[in-house]
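K.L.:
Okay, handing you the structure first.
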């Protein structure tokens, strides 16, 4: 069976295509137009070099050394020195899936033909991706301006045979990071590939860009929309277990405050609980007029996060197809311009916003979880166990949610409000976007767990309302959870149960199951 392809032209990459790329492992190739554009820009760079033109980073040093002219015979050494000197990363290594997305994004930016790289150099980066050769890159060191210089330098270090790599075919597999770390030169030789000898401009073209920040942004975007829908499902399960009213989801209310996310969430909630016997049984006899905010304001809270996530995704998709190195080559005008497209501020602000939006989904989920386990609020057995005292039930599940939510409060503090100058104050404002990206990635994982805990507790609460049944959507979710986790009769290790439901959330399996039963957006 022929391997599927992903054709890169520098202009049409989307979040959906990146999801396809990491899940299906297609063979990447350049479009014919991209090949022509790359060749045209390179020919112009070669011409300028022959004429000994002064071009930043091509015939001069970098940063504060921009005023140092480099002789013709030292141009190749200049590019290699750039990569070696900038490979100054620290900390844990980036997840391989993020690195592979980085590789794809760098190819896409260079494919536009404004960077002056040779097609043969670009081809080696593509060949590495297609063979699952993934550079090992430390996660810390980027300040998010002049691009992600440090992590991208470590990426290029593998291209020149001086770095380390892992050979990974299934990049999105949970165990991918455990692949053996090997010398890049030896691995390239094994795959009949040769390290590249960087020509003038190429080192700078390869490391000036926001590809680490944007790779995180793309990955988070894939899962953020799914997580917002999972949060609606968890909230609907809690709504059932807590016997809440559906009046607050009436679309007449929400059309008077027509934020798109708010209206979508209200529709989702009504769809999920439609046909609920639990709700019908309490419509006439429930003395409560209004529910708590964590139930009554689900459309407003989840909806605001939904709108924020959509906004961030729109920013990420712009950056996916942007050219963000320096200087840029304009073959049609036979010109080059020194600018600042590498500055990470657009992504830094967006990912700080994403972190806040995701954190709020966890904030309110934890409050609903607390209501579920609090017998004085839930009208259910205390801590969702029949023999309280002897059994602690789900008491400590709420502790775990509280711990993750508190951690998110720290992580959600914006990185983009900070800036420490670098390069002898030549680079006097930095975005710190890489920090925003890494924090947001951790927030995403924390929120997935908090949502899983709410689903687990709400499902246990529903046990005490039988034989009444949930709505169409909530019943589908409850049934899927019960396939993995039985109702709790006596205390058992909750860590195992949480992880089983977490896998349903992360894999999207619970979302797919619910969507077969009802329509949610």
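K.L.:
Consider residue 278 carefully, then state whether it is within 20 Å of the chain's Cα centre (by Cα), over 30 Å from residue 43 (Cα atoms) and surrounded by 19 or more Cβ atoms within 10 Å (Cβ to Cβ).
P.N.:
no
K.L.:
Additional query: So, of the residues in the stretch 384-400 that are without any contact (Cβ under 8 Å) to a residue 60 or more places away in the chain and touching a helix residue (DSSP H, G or I) at 6+ places or on another chain (Cβ under 8 Å), which turns out to be surrounded by the most Cβ atoms within 10 Å (Cβ to Cβ)?
P.N.:
By that ranking, first place goes to 398.
K.L.:
Then there's this: Within the bounds of the stretch 366-383, is there any residue that is touching a residue at least 24 places away in the same chain (Cβ under 8 Å), surrounded by 13 or more Cβ atoms within 10 Å (Cβ to Cβ), under 24 Å from the mean Cα position of the chain (by Cα) and part of a loop (DSSP other than H, G, I, E, B)?
P.N.:
No, the stretch 366-383 has no match at all.
K.L.:
Something else now. Would you check if there is a residue in the stretch 210-233 being surrounded by 18 or more Cβ atoms within 10 Å (Cβ to Cβ), assigned to a helix (DSSP H, G or I) and over 26 Å from the mean Cα position of the chain (by Cα)?
P.N.:
Within the stretch 210-233, not a single residue is surrounded by 18 or more Cβ atoms within 10 Å (Cβ to Cβ), assigned to a helix (DSSP H, G or I) and over 26 Å from the mean Cα position of the chain (by Cα).
K.L.:
Let me ask something additional. Among the residues of the stretch 188-209, which ones are surrounded by 20 or more Cβ atoms within 10 Å (Cβ to Cβ) and farther than 30 Å from residue 339 by Cα?
P.N.:
Answer for the stretch 188-209, where residues must be surrounded by 20 or more Cβ atoms within 10 Å (Cβ to Cβ) and farther than 30 Å from residue 339 by Cα: just 188.
K.L.:
Give the residues of the stretch 8-20 that are over 12 Å from residue 111 (Cα atoms) and not in a loop (DSSP other than H, G, I, E, B), sorted by residue number.
P.N.:
Passing the criteria: 15, 16, 17, 18, 19, 20.
K.L.:
Taking the criterion of being surrounded by fewer than 24 Cβ atoms within 10 Å (Cβ to Cβ) and outside any helix (DSSP H, G or I), would at least one residue in the stretch 147-157 satisfy it?
P.N.:
no
K.L.:
For a quick check of your reading: which helices (runs of 4 or more DSSP H) sit entirely within the stretch 247-331 and have at least 2 residues that are closer than 16 Å to residue 226 by Cα and touching a helix residue (DSSP H, G or I) at 6+ places or on another chain (Cβ under 8 Å)?
P.N.:
Hits in the stretch 247-331: 260-273, 298-320.
Residue-by-condition table, conditions (1) touching a residue at least 60 places away in the same chain (Cβ under 8 Å); (2) surrounded by 22 or more Cβ atoms within 10 Å (Cβ to Cβ):
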| residue | (1), (2) |
| --- | --- |
| 402 | no, no |
| 426 | yes, no |
| 434 | yes, yes |
| 445 | no, no |
| 457 | yes, yes |
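K.L.:
I need a count of the residues in the stretch 493-505 that are buried (at least 20 other Cβ atoms within 10 Å of the Cβ) and either modelled with pLDDT under 95 or within 19 Å of residue 225 (Cβ to Cβ) (or both).
P.N.:
Matching residues across the stretch 493-505 total 2.
The values are calculated or read from the model by the stated rules, or taken from the named source; none is laboratory data. The model shown is predicted, which means the values in this text are computed figures rather than measured ones. Backbone-built Cβ (ideal geometry, glycine too); neighbour counts: all protein chains shown.
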